[in-house]
1. I'm trying to understand the selection: among the residues of segment 235-251, which are over 19 Å from Leu165 (Cα atoms) and either touching a strand residue (DSSP E or B) at 6+ places or on another chain (Cβ under 9 Å) or surrounded by fewer than 22 Cβ atoms within 10 Å (Cβ to Cβ) (or both)?
2. Can you pull out every residue in segment 166-189 that is of a type outside the set (A, V, I, L, M, F, W, C) and either out of contact with any Lys or Arg (no Cβ under 7 Å at 6 or more places or on another chain) or over 25 Å from Gln388 (Cβ atoms) (or both)?
3. Output the number of residues of segment 158-182 satisfying the condition of being surrounded by 14 or more Cβ atoms within 10 Å (Cβ to Cβ), more than 19 Å from the chain's Cα centre (by Cα) and in a loop (DSSP other than H, G, I, E, B).
4. Starting from segment 98-112, take each residue that is free of Cβ contacts under 8 Å to residues at least 12 places away in the same chain and aliphatic (A, V, I, L, M) and list its partners that are crowded, with 20+ Cβ neighbours inside 10 Å and part of a helix (DSSP H, G or I), counting only C-beta distances under 9 angstrom and pairs at least six apart or across chains.
5. Could you check segment 418-465 and list, in sequence order, the residues that are of a type in the set (Asp, Glu) and closer than 17 Å to Leu387 by Cα?
6. Scanning segment 183-217 for residues that are in a strand (DSSP E or B), surrounded by 21 or more Cβ atoms within 10 Å (Cβ to Cβ) and hydrophobic (A, V, I, L, M, F, W, C), which turns out farthest from the chain's Cα centre (by Cα)?
7. Check off (1) within 25 Å of Cys396 (Cβ to Cβ); (2) away from the ligand (no atom under 16 Å from the Cβ) for Gly217 and give me the number that stays unchecked.
8. Can you tell which of Glu110, Glu142 is modelled with pLDDT under 95 and either closer than 18 Å to Ser283 by Cα or part of a loop (DSSP other than H, G, I, E, B) (or both)?
Amino acid sequence: MKKTPPSDTPFKQLNFAAKAPRALMAELEISLGREGMSDPEFKHLLGRLRKNRISTDSPYFMNQLFSGVRPEILEAENLIAESRTTMSTYEASGPFTLIELETVRALNSEIGWPETAEGVVVPGGSAANFMAIHCARSTASEDFRRLGNRPNWRIFSTREAHYSLEKAVLALGLGLESLVTVDVDDQGRMLPKSLFEKINEVKSEGGEPLMVIATAGTTVLGQFDPISEICDVAQGLWVHVDGAWGGPALFSSQAKSLLKGLEKASSFTFDAHKLLGSDLTCSLFLTKHEGILLEANDVHGGEYLFHEVSGGDLGGGSGGNYGDVTSREYDRGRVSWQCGRRPEIVSFWGLWKKLGTKGVGNIVDTKFELRDEVLKWINQQKGLKLLQAPPYLNICVQVLKPAQNGKFVSDKTWSRDVRNVLKRENKALVNFSVTDDGTTFLRLILAHHELRTEHVVQILSWALAVAPEG
Ligand SMILES: Cc1ncc(COP(=O)(O)O)c(C=O)c1O
């Protein structure tokens, strides 16, 4: 059955207070059994599932870095689902391969990289970060293919970087000690001076600096590491920029300066499924280093699958020539870790095609306007305390606890308690985090395509109206 776009009033059936797993398991008859069911029973079951899913299509859903279901994305997703093909070979995916290559080209051009720059669609921003480390190590050592990791490789990042970096060094066999934490300033941005010192420290102790991973749009605070300065002090190391959240700033006249110096970096993570609302997931790993994706990822044993001539126009498809290594690899399975892979890129390409580069930029710019209106309102509220002036679309705000005589006091757990009340009452799902001293605060994410100032004000008004018990 096709997915249908949300109705005009998609926010009525909020379902944030997910039921306890055991109750839900029984209510929805989730356990599998020997006997099947009839068509009407199956349809009925799917209807109940739909009713019980978490309503991420509501603008009151701010728990993650994505929110909402864009109608044009649903249309593209239907095409993806109907096509039911894989991106591994040109002969199986045809136009979708060209769509991936064109999207990579266009994004690289926005970054300011040469035509020879490359990229591949990966299953999420975490996977893009994994790929960055993999490409960096493939570049750093001629022996890598044969011998694997070097034990003293070190990767420089900050405590504000996404947790996928820890997962990556674990999964890629580098070990947690390979991650070196660079100091941040009082806003949570990498300090280039500290990076310089840490690189030298590692060298003096016999370590081998491998790469630097900067973040463009940190997960909690939405901060941007100073990419240009980082590239300048990185001493020729591979600099990867994780733009899973902040990447769309590329399109924005207001926000592009946050990515200053990106053209100097080696690679970039770009998630189209967060702020831009594409198929979840739709992520790209981009790199300016020609040939590295094939060099790092191509292996033997694919002769049963990869029959086309690499590169060229693919006019006739003569087949069988595997030696022609180029930056335009049409059989995308050779540069990817995946064999079977959905053409989810169609959803992002479709959005970009429909709105144009200007329209995609508007998505970001209008969110900045909304943010500024919300900040103005927050600054007038005695019960709310901003953690910092947000450079991007994360508003981190502490909810102060109502005390006597209309006063408010700081209470470490109050923001979390308030968040749980909003969730329990099916009003809003907003995430929270903690400062170093354990004070909780709300993280409002401005991502939903239909989000208006009133929605955010409404959530915060609900938060302010929560009364302490007793
Ligand atoms: C900065 C950053 N990088 C990477 C990721 C991981 O992205 P994904 O969820 O697409 O794997 C996230 C997710 O929130 C993120 O915030």
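The values are calculated or read from the model by the stated rules, or taken from the named source; none is laboratory data. Being a predicted model, the structure only gives us computed values, none of them experimental. A quick note on method: Cβ atoms are made from the backbone with ideal geometry, for glycine too, and the neighbour counts reach across all protein chains shown.
1. Residues satisfying the conditions are Gln235, Gly236, Pro248, Ala249, Leu250.
2. Selection gives Glu166, Lys167, Gly173, Gly175, Glu177, Ser178, Asp183, Asp185, Asp186, Gln187, Gly188, Arg189.
3. Number satisfying all stated conditions: 2.
4. Going by the 9 Å Cβ cut-off, the qualifying pairs are Leu98/Tyr90.
5. Filtering segment 418-465 for residues of a type in the set (Asp, Glu) gives 425, 436-437, 450, 454.
Passing the criteria: Asp436, Asp437.
6. Leu210
7. If we test Gly217 against (1) within 25 Å of Cys396 (Cβ to Cβ); (2) away from the ligand (no atom under 16 Å from the Cβ), just (2) comes out false.
8. Glu142
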